[in-house]
1. Going by the structure shown, is E171 of a type in the set (D, E) and crowded, with 18+ Cβ neighbours inside 10 Å?
2. Only residues that are closer than 20 Å to V257 by Cβ, buried (at least 21 other Cβ atoms within 10 Å of the Cβ) and either among the β-branched types (V, I, T) or at pLDDT 90 or above (or both): list them for segment 62-99, please.
3. Within segment 206-229, track down each residue that is among the aliphatic types (A, V, I, L, M), open to solvent by 20 Å² or more (accessible area, probe 1.4 Å), within 13 Å of ligand 1 (Cβ to nearest atom) and over 13 Å from the mean Cα position of the chain (by Cα).
4. Against the definition (touching a residue at least 24 places away in the same chain (Cβ under 8 Å) and touching a helix residue (DSSP H, G or I) at 6+ places or on another chain (Cβ under 8 Å)), how does T75 come out, yes or no?
5. Pick from A56, A47: which is among the small types (G, A, S) and loosely packed, with under 13 Cβ neighbours inside 10 Å?
6. Please tell me if C300 is more than 12 Å from ligand 1 (Cβ to nearest atom), open to solvent by less than 50 Å² (accessible area, probe 1.4 Å) and under 15 Å from the mean Cα position of the chain (by Cα).
7. Could you tell me whether segment 175-186 includes any residue that is part of a loop (DSSP other than H, G, I, E, B), at pLDDT 95 or above and touching a Leu at 6+ places or on another chain (Cβ under 8 Å)?
8. Would you mention how many residues in segment 221-255 are acidic (D, E) and over 28 Å from Q291 (Cα atoms)?
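The values are calculated or read from the model by the stated rules, or taken from the named source; none is laboratory data. Note that the coordinates shown come from a computational prediction; the quantities given were computed from them, not determined experimentally. As a convention, Cβ positions derive from the backbone with ideal geometry for all residues, glycine included, and neighbour counts pool all protein chains shown. Side chains are part of the model used for accessible areas, which takes the heavy atoms of the whole protein and leaves out ligands, DNA and RNA. Shrake-Rupley method; radii C 1.70, N 1.55, O 1.52, S 1.80 Å.
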Amino acid sequence: MNSLPIIDIAPLYTDDQSAWATVAKQIDHACREWGFFYIKGHPISAARIDAVLDSAKRFFALPTAEKLKIDITQTRHHRGYGAIATEQLDPSKPSDLKETFDMGLHLPLDHPDVLAEKPLRGPNRHPSMPGWETLMEQHYVDMQALAQTLLRAMTLALGIERDFFDTRFREPVSVLRMIHYPPRHTATSREQQGAGAHTDYGCITLLYQDAAGGLQVRNVKGEWIDAPPIEGTFVVNLGDMMARWSNDRYLSTPHRVISPLGVDRYSMPFFAEPHPDTRIECLPGCQDEQQAAKYPATTCAQFLLSRFADTYAYRREQEAVE
Ligand SMILES: O=C(O)CCC(=O)C(=O)O
Ligand SMILES: [Fe+2]
């Protein structure tokens, strides 16, 4: 129980049904035992990752005033720049030592959801850097497709139709995020975490992390295990919505980031979430006489908004005004 599984998902991109089923079984096992695993053999190229990472570094190196032109706290739909200490993932610890850029599915101002002022819906807010918008919008599409491939592999074990998630992930509220963790300067400041202990809110997260290290995952015995960077992989983990959907058959596992000593760390999670109106209720195959549904039904948007309010003070303030 001391190291996370590494799964080669290349067979999911072939017509070999028996290899496909083997990978699906490995994913199912990892989701039940860990809620965390690495994937290799995915179609996102190293050149793409380098380009996105390089752009993220250039963005975070801009003067704060420039970054704050797209301040996330000035929007209602969660897009743009989050300055250091905007988020507090573990309420028992200081706010997180990190800065972020968040983007989602770009919806124009005349989209019906935007006109209806639906939460989490609206246009992206990109920095004005040459090439940034085209690169990031394409990366968003490709990460969404990768997430849906993994979700398709999960349908077999969960006993649902192969296209169950595909139909629910149309016009999704997935978020592509860039994170910069400034270095910690003393060995004694471990309390100041890059990202406090938390579980993710949504369905499935695909995380690229650079070579700095610092990600830790809590195993079933309650011990913190390092999830070190492995070249060419993404770390995949499940969030609370998937735990609810699967009636806790799949685990939403706590994790945190200890900022590395003396070096900057960059990471890029992609949080895959369905359409905001999607009902999140126990899947038929995940309940029976022995195990009733544990969680009341909710919707994707309702659930995400309640979790955002837990970790972002500015969102609680926005809600209080309404
Ligand atoms: O940066 C990382 O390695 C993890 C970030 C994370 O857990 C999150 O943003 O939910
Ligand atoms: Fe996380």
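1. Numbers: of a type in the set (D, E): yes; crowded, with 18+ Cβ neighbours inside 10 Å: no.
Here the answer is no, as E171 does not meet what is asked.
2. Selection gives I72, Y81, G82, K98, E99.
3. Answer for segment 206-229, where residues must be among the aliphatic types (A, V, I, L, M), open to solvent by 20 Å² or more (accessible area, probe 1.4 Å), within 13 Å of ligand 1 (Cβ to nearest atom) and over 13 Å from the mean Cα position of the chain (by Cα): A211, A212.
4. Numbers: touching a residue at least 24 places away in the same chain (Cβ under 8 Å): yes; touching a helix residue (DSSP H, G or I) at 6+ places or on another chain (Cβ under 8 Å): no.
No; evaluated as a whole, the condition is false for this residue.
5. Details: A56 fails: loosely packed, with under 13 Cβ neighbours inside 10 Å.
The unique qualifying residue is A47.
6. Details: more than 12 Å from ligand 1 (Cβ to nearest atom): yes; open to solvent by less than 50 Å² (accessible area, probe 1.4 Å): yes; under 15 Å from the mean Cα position of the chain (by Cα): yes.
When the stated conditions are applied, C300 passes them.
7. Taking segment 175-186 first, the residues part of a loop (DSSP other than H, G, I, E, B) are 182-183, 185-186.
Retained after the next criterion (residues that are at pLDDT 95 or above): none.
No, the conditions are met nowhere in segment 175-186.
8. First, the residues of segment 221-255 that are acidic (D, E): 223, 226, 231, 240, 248.
Narrowing the set further to residues that are over 28 Å from Q291 (Cα atoms) leaves 226, 231.
Going through segment 221-255 one residue at a time, the tally reaches 2.
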